[in-house]
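Quick notes on the structure that follows.
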Amino acid sequence: MKKFFLLLILASLGLTACNKEETDAAAQLEIDKAVIEKYLIDHNLTALSTASGLHYIINIQGAGIKPSISSTVTVNYTGRLINGTIFDSGTESFPLTSVITGWQEGIPLFNVGGTGKLIIPSGLAYGATQAPNIPPNSVLIFDLYLISIK
């Protein structure tokens with residue numbers, strides 16, 4: 001009987017932890033949305049957004065095809081924190097399945113030859129985990145050019 005109650009308590013703690021993580025993620029998304037809206041206003045930008053909170057600006061749509069989640073893409077990009085600090089840049093080829101969720105969702109919005117900006121809430125990037133040169137819960141901004149798809 002004691003084992004049953006112990007298991008019941010452990011199960012309820014597990015559910016509470018899941019609910020807390022979901023609550024924390026929802027609260028962080030609201031914070032990120034406010035940060036993104038301020039960034040857009042401060043920089044006089046107009047962006048479209050997805051249901052997940054990803055914001056994007058397409059400067060040049062491009063004339064080629066759009067990638068799918070199973071595509072390998074070549075992208076020239078510059079990644080910045082919301083304060084403008086560059087944390088990474090380059091031209092890289094990679095399968096979309098191997099990158100952050102914000103890229104998995106955002107890159108397929110562009111055709112080959114397209115350029116624009118992805119403004120990614122932390123939950124679609126690295127979340128509460130610190131990455132090299134990226135503090136936890138950071139909104140990330142990527143200027144990108146979709147060069148090719150394989």
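Structure notes:
- If a spin label sat at a point 7 angstrom from the Cα of Q61 along the line to its beta carbon, the backbone N atoms of the range 82-124 nearer than 15 Å would be those of 109-116.
- Segment L81-T46, extension gain: residue separation times 0.36 nm, minus the distance between their alpha carbons: 10.7 nm
- Shape summary of the range 84-150, radius of gyration then Dmax from alpha carbon positions: 12.0, 33 Å.
- Where the Cα pairs of the range 2-149 fall when distances are cut into 10 Å bins, in %: 11, 37, 29, 12, 7, 3, 0
- Sequence-distant residues sharing a close amide H with G79 (under 5 Å, placed H): F87, D88, S89
Here, each number is a calculation from the coordinates, and none is a lab measurement. For clarity, every value in this text was computed on a predicted model and none was experimentally measured. Note that each Cβ is placed from the backbone with ideal geometry, even for glycine, and that neighbours are counted across all protein chains shown.
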